[in-house]
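Peer 1: Here's a structure for you.
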Amino acid sequence: MSEFCAKTFEGSKGADTLLISCGGLKTLDLIVPLEARCKVPVVSSTPHALMASVRLVGLPGHAHGFGRVLERV
């Protein structure tokens with residue numbers, strides 16, 4: 001899956017983010033390696049939706065070690 005995502009991104013021209021949109025795939029472990037390879041933020045629907053849900057109830061919702069977006073406060 002990681003190789004497919006990276007090759008798809010590398011084939012695009014001028015993209016500034018990589019989006020993995022699929023609630024049925026385990027993508028949390030793909031975010032950091034893909035960011036390192038592609039040099040852009042990687043957003044995955046399930047972990048980032050959970051982060052947004054946690055923020056809705058007033059908690060910070062950030063998690064270190066899981067990519068740029070999840071680390072931001």
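The values are calculated or read from the model by the stated rules, or taken from the named source; none is laboratory data. For clarity, every value in this text was computed on a predicted model and none was experimentally measured. Cβ sites come from the backbone with ideal geometry, for glycine too, and all protein chains shown count toward neighbours.
Peer 1: Output the qualifying pairs, or none if there are none: Cβ atoms under 7 angstrom, residues six or more apart or on different chains, first residue in the range 54-66 and surrounded by 14 or more Cβ atoms within 10 Å (Cβ to Cβ), second residue among the β-branched types (Val, Ile, Thr).
Peer 2: 61/54; 62/73; 66/31; 66/32
Peer 1: Select from the range 50-73 the residues that are of a type in the set (A, V, I, L, M) and within 26 Å of residue 10 (Cβ to Cβ) and list them in ascending order. Spell out the reasoning first.
Peer 2: Going through the range 50-73, the residues of a type in the set (A, V, I, L, M) turn out to be 50-52, 54, 56-57, 59, 63, 69-70, 73.
Hits for the range 50-73 are 69, 70.
Peer 1: In the chain, which helices (runs of 4 or more DSSP H) lie fully inside it and hold 2 or more residues that are modelled with pLDDT of 90 or more and hydrophobic (A, V, I, L, M, F, W, C)?
Peer 2: In the chain, 31-38, 45-56 are the helices (runs of 4 or more DSSP H) which contain 2 or more residues that are modelled with pLDDT of 90 or more and hydrophobic (A, V, I, L, M, F, W, C).
Peer 1: From 12, 44, 21, grab the single residue that is touching a residue at least 24 places away in the same chain (Cβ under 8 Å), of a type in the set (Ser, Thr, Tyr) and surrounded by fewer than 13 Cβ atoms within 10 Å (Cβ to Cβ).
Peer 2: Step by step, each of 12, 44, 21 is checked, and only 21 is touching a residue at least 24 places away in the same chain (Cβ under 8 Å), of a type in the set (Ser, Thr, Tyr) and surrounded by fewer than 13 Cβ atoms within 10 Å (Cβ to Cβ).
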